[in-house]
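Below: one structure, written as structure tokens.
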Amino acid sequence: MPDAAQSIVDFLTRLTAALGVNATVNVEETAAGPRINLAGEEAEILVRHRGEPLKALQHVVDMAYGRTLPDDQRVFVDALEYRKGKDAELRQMAKLLAEKVKQTGLDQQLGPLNPYERRIVHLAVAELPGVTTESVGDAFSKTVLISLRK
């Protein structure tokens, strides 16, 4: 495991212990960067309230360690593979809406989404010919507009 990933694992281990959450920290190395999954019965607390605690934890890890990874890698923090499932749902929804745009010619919107979620939508739609995406809005959470490529 690269040093940066080990530092993040150590941090998350100390943090969860300090919060009184008994969780194991597992790392999966991917081309995009390490995917860190917190597991165990008590990790469920991180996915409550539509994953808001998990989003906050991701933000803390990004701020503390985001610049320590090589190249364009990012660290992904998950709990009980909650985000992995949500990411797959979001990709599926984006592709479904993109197909609807191709069939009807009418723009479709998805959101509001945080930057991580928008990236998933942009990448999923980019795999499909004939459609394009654009983030719309001026806040942290923006809507992604899916439309026919001109």
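Annotations
- The chain - mean residue ellipticity at 222 nm from DSSP helices (-39,500 (n - 2.57) per run, n ≥ 4, rounded to 500): -15500 deg cm²/dmol
- In the range 28-144, Cα pairs under 8 Å separated by at least six residues give a relative contact order of 22 percent.
- Full-stretch length increase - PHE11, GLU134 - with 0.36 nm per residue and alpha-carbon distance subtracted: 40.7 nm
- Modelled this way, with points 7 Å down the Cα-to-C-beta line, the labels at ASN114 and THR24 are 2.6 nm from one another.
- Percentage relative contact order, the range 3-80, counting C-alpha pairs under 8 Å, at least six apart: 33 percent
- Local charge for GLU89 was computed over the other residues whose Cβ lies under 12 Å away, with Lys and Arg +1 and Asp and Glu -1, and equals +3.
- Debye-sum result for the chain in log10 I(q)/I(0), which assumes one identical scatterer on each alpha carbon, at q = 0.09, 0.15 Å⁻¹: -0.34, -0.82
- Taking 20 Å as the limit for the C-alpha separation, the pairs LYS55/LYS142; LYS55/LYS84; LYS95/LYS142 never exceed it; all remain within the limit.
- For the range 136-145, the Karplus equation 6.51 cos²θ - 1.76 cosθ + 1.60, evaluated at θ = phi - 60°, returns couplings of 10, x, 10, 10, 4, 8, 10, 9, 9, 9 Hz by residue, with Gly and Pro reported as x.
- For the range 85-148, relative contact order (Cα pairs under 8 Å, six or more residues apart, normalised by length) works out to 39 percent.
Quick note: the coordinates plus some simple rules give every number you see, no bench work behind them. Just so it is clear, the structure is predicted and the values come from calculations on it, not from any experiment. Note that we place each Cβ from the backbone using ideal geometry, even for glycine, and neighbour counts take in every protein chain shown.
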